[in-house]
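K.L.:
Before we start, here is the structure in question, set down as structure tokens.
The values are calculated or read from the model by the stated rules, or taken from the named source; none is laboratory data. The model shown is predicted, which means the values in this text are computed figures rather than measured ones. Cβ coordinates were reconstructed from backbone atoms using ideal geometry, including for glycine residues, and neighbour counts include every protein chain displayed. The accessibility values were calculated without ligands, DNA or RNA, using every heavy atom of the protein model including side chains. Shrake-Rupley method; radii C 1.70, N 1.55, O 1.52, S 1.80 Å.
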Amino acid sequence: MTLAYIGIGSNIERHQHIQAAYQELRNVSHYLRCSSVYECDPVGFDSHAFYNTVIEIDTSLSLLELQQSLKQIEFKWGRTTHAQKLQDRTLDLDILLFGEVVSESTPLVPRCDIFDYEFVLQPLCELNPQLIIPNDGRSVEQVWEQFEHKGSLKRVEFEFRL
């Protein structure tokens, strides 16, 4: 089993799609632990605010099998095959960390979003601040302490339903 962290985002029917991701991930892993859900403005384009969260799972899938499962979930919930960066999303699922694996080909892990975006780093730190980031050597908390762009997130009251 491998402990993995999945970043989840949506800015179209946000509540429905964040809940759907949680339900779908229950089919991938019997162990899920969720961070708080945060609202933030889109980065790099003008549109509706996003809901973002991070979910920790324990999985027997390989990295590539997990990536394929996440893509299938995205497509099931309305993501198009032509989806581009910097546009609205029904559901965006990204593998942030996959055990101790370092992959420089798709999917890239650790995902660079950990170091670039508060909406990824803050929920990840909430879940496991002492986790050491492979190929970096710092804990998630250490990266958070050095992060300069704090303060743009708003915690959202959100209850995940089984």
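K.L.:
Could you grab the Rg to Rh ratio for the stretch 1-58? Cα atoms only, Kirkwood for Rh.
P.N.:
Here the Rg-to-Rh quotient is 1.02.
K.L.:
Work through the residues other than Ser62 whose Cβ is under 15 Å from its Cβ and net out their charges, Lys, Arg +1 and Asp, Glu -1.
P.N.:
On the way: positive: Lys71; negative: Asp58, Glu65, Glu100.
It works out to a net charge of -2.
K.L.:
Show that you can apply the helix-only estimate: for the chain, add -39,500 (n - 2.57) for every DSSP H stretch of four or more residues, divide by all residues, and state [θ] at 222 nm to the nearest 500. Walk me through the intermediate numbers first.
P.N.:
Numbers: 5 runs with 47 residues, N = 162.
Computed mean residue ellipticity for the chain: -8500 deg cm²/dmol.
K.L.:
Next question, about the same structure. Please list Lys85, Lys154 from largest to smallest accessible area, probe radius 1.4 Å, with all protein chains kept in place.
P.N.:
Numbers: Lys85 150, Lys154 120 Å².
Reading off the accessible areas and sorting them downward yields Lys85, Lys154.
K.L.:
Sort Ile73, Ile132 from largest to smallest accessible area, using a 1.4 Å probe on the heavy atoms of the protein chains.
P.N.:
If we order Ile73, Ile132 from most to least accessible, we get Ile132, Ile73.
K.L.:
Counting only heavy atoms of protein chains, what accessible area per residue, in Å², does the chain have with a probe of 1.4 Å?
P.N.:
Solvent-accessible surface per residue comes out at 53 Å².
K.L.:
Average projected area of the Cα convex hull of the stretch 63-162, in nm²?
P.N.:
Mean orientational projected area (the stretch 63-162, Cα hull): 7.9 nm².
K.L.:
Still on this structure, please answer the following. Please report the accessible area of Arg155 (heavy atoms, 1.4 Å probe, ligands and nucleic acids excluded) in Å², nearest 10.
P.N.:
Answer for Arg155: close to 150 Å² accessible.
K.L.:
Can you list the lysines whose alpha carbon sits under 20 Å from that of Lys76, skipping same-chain ones fewer than 8 residues off?
P.N.:
Lys85
K.L.:
Mind ranking 14-21, 3-10, 74-81 by how tightly packed they are, going by the mean number of other C-beta atoms within 10 angstrom, highest first?
P.N.:
Output ranking for 14-21, 3-10, 74-81: 3-10, 14-21, 74-81.
K.L.:
So, one more: Carbon and sulfur atoms: what percent of the 1.4 Å accessible area of the chain do they account for?
P.N.:
Answer for the chain is 47 percent, counting heavy atoms of protein chains only.
K.L.:
Karplus couplings for the stretch 49-63 from phi (6.51 cos²θ - 1.76 cosθ + 1.60, θ = phi - 60°), rounded to Hz, Gly and Pro as x?
P.N.:
Values, residue by residue: 5, 9, 9, 9, 8, 10, 10, 8, 10, 10, 9, 9, 6, 6, 4 Hz.
K.L.:
Taking all protein chains together and a probe of 1.4 Å, list Asp136, Asp94, Asp116 from the most accessible to the least accessible. Don't skip to the answer; put the middle values down first.
P.N.:
Values: Asp136 60, Asp94 25, Asp116 85 Å².
Listed by decreasing accessible area, they come as Asp116, Asp136, Asp94.
K.L.:
For the stretch 1-152, what is the convex hull volume of the alpha-carbon atoms per residue, in Å³? Please list the in-between numbers first.
P.N.:
On the way: hull volume 16.1 nm³, N = 152.
Spelled out: Cα convex hull of the stretch 1-152, divided by residues, is 106 Å³.
K.L.:
A further question follows. In a GNM of the chain with a 10 Å cut-off on Cα contacts, which of Asp88, Asp46, Asp113 has the highest mean-square fluctuation?
P.N.:
Asp46
K.L.:
Could I ask something else about it? Per residue of the stretch 89-99, in order, report the coupling 6.51 cos²θ - 1.76 cosθ + 1.60 (Karplus, θ = phi - 60°) as ³J(HN,Hα) in whole Hz, putting x for Gly and Pro.
P.N.:
9, 6, 7, 10, 10, 10, 6, 8, 9, 9, x
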